[in-house]
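Notes to accompany the following structure.
The numbers here are math on the coordinates, done by the rules we state, and not lab data. Since this is a predicted model, take the numbers as computed values, not measurements. Neighbour counts run over all protein chains shown; Cβ positions are idealised from the backbone, glycine included.
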Amino acid sequence: MKFGLLAVVLLLTTLGACASAPTINTSGTVSESDQRLARAFEQHESDIQVEGQGIVTRLLSDDNEGDRHQRFIVELKTGQTILITHNIDLAPRIDSIEAGDEVAFFGEYVWNSKGGTVHWTHRDPKGRHTAGWIKHKGRIYQ
């Protein structure tokens, strides 16, 4: 009886974990950068430099704890969503950005269960970290 109950609990836990993970479509023509981001998500990788582009689906409020960050969600062609956290104490704010806009980005990927986060989209004032950027409407923000 205890084994049967344990099996049911494990099955429901596994199904619950799978239900919350985003579905990433890598069939068809997928860019190398989208493939790299999909692999990073699937393998729970973090602290890797990535480049990508997608459509802004949602603007979030600024994170004002510690260094200030402008935040928005980008959806890749694969359906994967990435939270972009752009340090506005070290780089200019992207004032004209709106949902539906296309952006390109280069920064450091950190895994999370919702698709991942990209930060370090700016220059490192100490010169120790690879410089990142965001490109919006032909302008590079770093």
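So the values come out like this:
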quantity: Order by protection proxy (mean Cβ within 10 Å, highest first), peptides 123-129, 54-60; calculated: 54-60, 123-129
quantity: Relative contact order (percent, whole number), the stretch 30-141, Cα cutoff 8 Å, 6+ residue spacing; calculated: 26 percent
quantity: Cα-Cα separations in the stretch 53-100 greater than 16 Å, expressed as whole percent; calculated: 37 percent
quantity: DSSP beta bridge pairing in the stretch 30-141, given as percent antiparallel to the nearest 5; calculated: 95 percent
quantity: Residues with amide H under 5 Å from that of R68, placed H, sequence gap 5 or more; calculated: I88, D89
quantity: Most positive-pole-ward Cα, S46, P92, Q70, against dipole of the stretch 30-141 from beta carbon charges; calculated: P92
quantity: Test item: Cα-centred dipole of the stretch 68-119, Lys/Arg +1 and Asp/Glu -1 on Cβ, debye; calculated: 200 debye
quantity: Convex hull per residue volume in Å³, alpha carbons only, for the stretch 40-132; calculated: 96 Å³
